[in-house]
Amino acid sequence: MAARERVFGAIGKSVKAVAKSRGSEWWYTPDMAAAARAIEERIPLVDLILEVRDARIPLSSEYLQLRKIPSACRIIVLNKADLADCSQTKFLTFLQARVRELKKKDDRMHLITLMLVGILNVRKSALANSLHQVGRIYAAEKGRLKHSVVTPQPGETKSICSLKIASHPNIFVLDTPSVLPPDVIDDEVCSKLVVTGAIKDSVAGEINLAEYFLSILNLGEEYKKWAKLSSSEAGVALTGDGSLSLGKKQKKLYPTDHTQDFIVNNVRRTLFDSVSSFGGCTEDGEDLARLIQGEFEVLQKVFHLPLEIKECNYSRVAIKLLTLYRIGRLGH
């Protein structure tokens, strides 16, 4: 545990240093402060608040400004768990049931307003659009309702946007800008926010973040699920154009694309072998650091990086590893 504490301590210090500096471009900026005030002003006017959190870090991704709001007025939504169409439909049905409860209490209510709030990178706008899509299909209103703007970068929603998600009764959802807390939080929370992508990687450095991710993986149970993975991919050969071929079908596999199944499979298998064959104690800080160092070395080969350029490759290994984790290819 000491090694992980050392890593997230270093990450936390990096985040705090930037957050406390004047003119920070991402921690409680003037835009965020204005958004927080606008959200606070609208809270008395809405019927329900949907607080969106990252299911991977449900406590660390709390929207702290809502702590004073009664829990009866708030629903916590864990996003990034598994938002398939079926679950989106069930969630909208759940919201409609809650709205009907509100309507019974006040028969005059013909319009219900919900407000989505959350920190950076919990994908509020994506959730708003999903609800909107399902709702407008139910209401047969295709093409007549606007969408929230969704971009690959967190924090791109700049103003409060209203979307209709249901009729009978009419339900509107307010999609709000992402807001981080005004005060810098503790080191471990900072580390979790960075490793899940709520804060820019450059603040703490990709290698530090990958070390933190590997410390969590090595001390957990998820890697044990990869014990039965086939290692048949190990024998693939390079073709003349630099791609890889497998079997009679000569299926092309590209070693530079680390999101391909055969590379992801090899990453999982390599990490499983590294942890399960490790002779040290992962609870010991020095031993855990040694294991992580070894994992970086073997992952260079798995990602088809030249072994002689270690420093540059460690950064590339870190970026590829974090990408696979964030798109869900390395387990829960």
**Asked** When segment 178-231 is examined, which residues are found to be touching a Phe, Trp or Tyr at 6+ places or on another chain (Cβ under 7 Å) and in a helix (DSSP H, G or I)?
**Response** ASP187, GLU188, SER191, VAL195, ILE207, TYR212, PHE213, LEU217, TYR223, TRP226
**Prompt:** What is the residue count in segment 68-87 for residues that are farther than 16 Å from LEU48 by Cβ, modelled with pLDDT of 65 or more and not in a loop (DSSP other than H, G, I, E, B)?
**Reply:** 2
**Request:** Determine which member of the set SER202, SER162 is open to solvent by 40 Å² or more (accessible area, probe 1.4 Å), at pLDDT 70 or above, under 22 Å from the mean Cα position of the chain (by Cα) and not β-branched (Val, Ile, Thr).
**Result:** SER202
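The values are calculated or read from the model by the stated rules, or taken from the named source; none is laboratory data. Everything numeric in this text was worked out from a predicted model, so none of it was measured. As a convention, Cβ positions derive from the backbone with ideal geometry for all residues, glycine included, and neighbour counts pool all protein chains shown. The protein model used for the area step is the full one, side chains on, heavy atoms only, and it has no ligands, DNA or RNA in it. Shrake-Rupley method; radii C 1.70, N 1.55, O 1.52, S 1.80 Å.
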